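K.L.:
Provided herewith is a single structure, encoded as structure tokens, for subsequent inquiry.
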């Protein structure tokens, strides 16, 4: 069954003869569960079926989605008109009448998650989805949508209001979930107000730039946004008044020695049962570490690991769910069996979100991403162009092309921990495992990526982007010398006809820190936008990694090919014998000392990430070797 996401149906137009409605299918606003669907990550194939209540046995028409925008996805839906009496006519007529009467005010998309991640708030951010259907529903969940209730098709056609209708815009927040606190409601409404105000300002600014007034459509949009903001402001004031009243009338809760159960007494004083919502505030990557360690403790037995992981269900319930998901057998009679198999993906994604900012590759934007084992075309020379006179022949040139293929390569490491540490007896133990996994993988990738001495090994690891690149001699160690070095690096690229738009500069944290403290003879900072964590020099972004050492590299990201499966795999062993060495002997000889994990009550966690890179053009990288002081 597809995942569902709800939003209020915003009826923008109604065609009584064709029974057509137009509205908004989904928005990027968090729903009441805190989940977010990224509109620009939605894919679909028009036309989509229009259903009642996500029941595939109750189709009522078809819908077409418009092009997704950052604000959401609009749709136009047609409810079928059936002349022949029967069940189908009754169903479609009932759907149409329910919309006209305002009984059905919501829509819900049925979708398949493709890529998602957990947010700090506890919700799920669906980055990529495939929408397979749109349904009419009675209880929508998106708390930041507006609704026009059409009382009568005839009145709507004439532009009249229904009796008793003041014409004020009503902004609703409904969902089949536990109600938010007053403070949460105030925050939610204030968040919904901001984009409306920004749109109003944009409309007025555009009109002022053109020196014209708003046209009819713009004026209607502006007035609608103004009324919605007015309604929101009034409602927020009421919420604040209600919150103040609740504080003034609250009953203090005191613990007494005669109360047999202080918790029950507190609940009674509050007026009954208390609904508590728990959101995890654990550091990113904790769920993934717990997933790995649960498998480690139970030696890969998923049945036992799922039970073991239940101890964390109060803070990371997704761990036990992810472990259990992979043990469900696939059958021909269970269509949903395969969906749980990807349940571990959010955990790995969460870990990768933690790892990426720690690596050079994760912080360099616009690297040219290509698939593994696929030929990528590379242009190394352009055509010939010039001005010509009337009737004169035009110059003819040839594009110079080459290609490159990135084979599968993997970065891997083994972390050996004790059985006691794997049981995560304290949060500090979790942090030890988490930090070691992140630090170890990041340092490995950074070193191989930037070290000029890394020539790579065919079939094993890629060469660094600086290996065999043009090296420019450093002018010295001072801040002024560094400025000269940067100019020389850029000049060398320009001389090689390299496009210098979008360049990045890579250096060690030590070099960046020393340069950030460098001053001119007047006492001013030479590089005010630079710090130990990076920054910029002359508008060129600076990315720091201690693995850069004395290498200072100027890189054109679009000339670096990157193949990355975007995940990390963890395998567990308690019976293996390993060489406890950061540079293990290969091939293994008789003199190698191996440590038995089983004999020493240890566990090995093997982390693997499939990743490869290649410098596409020689002119895409220039570097110098310097230690600035």
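Taken together, the values in this text are just the output of simple stated rules run on the coordinates, not laboratory data. Keep in mind the model is a prediction, meaning the values are calculated, not measured. Glycine also receives a Cβ, built like all others from the backbone with ideal geometry; neighbour counts cover every protein chain displayed.
K.L.:
Sort the following peptides by mean Cβ neighbour count (other Cβ atoms within 10 Å, averaged over residues), highest first: 610-618, 236-244.
P.N.:
610-618, 236-244
K.L.:
Mind giving me the FRET efficiency for residue 210 and residue 394? R0 is 60 Å, r the Cβ-Cβ distance, nearest 0.05 is fine.
P.N.:
So the FRET efficiency works out to roughly 0.90.
K.L.:
Quick one: Debye curve from the alpha-carbon atoms of the stretch 185-245 only, equal weights, vacuum; give me log10 I(q)/I(0) at q = 0.20, 0.28 Å⁻¹ to two decimals.
P.N.:
Log10 of I(q)/I(0), two decimals: -0.75, -1.10.
K.L.:
Note the per residue figure in Å³ for the convex hull of the C-alpha positions in the stretch 73-113.
P.N.:
Spelled out: Cα convex hull of the stretch 73-113, divided by residues, is 105 Å³.
K.L.:
Given 0.36 nm per residue, what is the gain on full extension from residue 230 to residue 315 after removing their alpha carbon distance, in nm?
P.N.:
Answer, rounded to one decimal: 26.6 nm.
K.L.:
Let me ask something additional. Kindly rank 558-565, 586-593 from highest to lowest mean number of other beta carbons found within 10 Å of each residue.
P.N.:
558-565, 586-593
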